[in-house]
1. Using the charge dipole of the stretch 51-100 (Lys, Arg: +1 at Cβ; Asp, Glu: -1 at Cβ; taken about the Cα centre), state which of VAL60, GLY99, THR86 has its Cα farthest towards the positive end.
2. In the calculated pair distance distribution of the stretch 137-192, what percentage of Cα-Cα distances lie above 19 Å?
3. Which net charge results for the neighbourhood of ASP174, defined as the other residues with beta-carbon distances under 14 angstrom from its beta-carbon, given Lys and Arg at +1 and Asp and Glu at -1?
4. Helix 161-171 against the longest principal axis of the chain: what's the angle in degrees, Cα atoms only, rounded to the nearest 10?
5. At 1.567 mPa s and 4 °C, plugging the Kirkwood radius over alpha-carbon pairs of the stretch 14-76 into Stokes-Einstein gives what diffusion coefficient in µm²/s?
6. Just how large is the dipole of the chain about the Cα centre, in debye to the nearest 20, putting +1 at every Lys and Arg Cβ and -1 at every Asp and Glu Cβ?
7. State the label only: which of (1) 16.5, 60; (2) 17.2, 55; (3) 18.3, 62 corresponds to Rg and Dmax of the Cα atoms in Å computed from the shown model?
8. Order 72-83, 158-169, 124-135 from most to least packed using the mean count of other Cβ atoms within 10 Å.
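Where a number appears in this text, it was derived from the coordinates with a stated rule and is not lab data. Since the structure is predicted, the reported quantities are computational estimates derived from the model, not experimental observations. Positions of Cβ are backbone-derived with ideal geometry, glycine not excepted, and every protein chain shown enters the neighbour counts.
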Amino acid sequence: MDQLTRLADFIQEAGMLRNTPRTGWAFLGTNKESVAEHSFRTCVIAYVLAKMAGEDPGAVVQCCLFHDLHEARTGDFNYVYHRYDTSKAREALSDATEGTGFAEEVLAFFDAFNEKKTRIALLANDADQIDLIANLVHELSKGNAFARDWLDSAIPRIETTEGKKLCDAILHTDPNHWWYDQVPKDWWIHHK
């Protein structure tokens, strides 16, 4: 198979993440999210954290961009699944990138993310967790009290100073503030 065909395959496979649900939300009982949705905001958070830390945003974002790509083949492996089964995540990603011309680079980002030995990887992992935390704050604001238990488990996973600062801001900011509290209250009545 030629490289362009493999690249076309790779692009279609990445698109499968739109249809791959994040399975952990079933345990919480609220919210639904695809792996693609999670990956997008994780990359945005990675950019923010990298800028806060004075690190290369591209490197942090690339770690996040590929951290869950294997789930197009394996499905989302939530924390409960991890207790009882294993996933061949790296093998799936290796197969997905074979023949594309950038397999080594993508696998290096994936390995760095999972090994958590560099500052870039720690920021990327914090971005992954902060996406979850932001979702949980939103769920808590909608009345899902069980989200508090999840937050209590997720918050201690944040390792960098920048991640802790951003996490704290998310925990103390109403998730609706960005759109509801940014206009005068009478605008919602008169739209003027």
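1. Towards the positive end, the residue furthest out is THR86.
2. 45 percent
3. Residues close to ASP174 contribute a combined charge of -1.
4. Its long axis makes an angle of about 50 degrees.
5. The diffusion coefficient I find is 105 µm²/s.
6. The dipole magnitude comes to about 560 debye.
7. Checked against the structure: label (3).
8. 124-135, 158-169, 72-83
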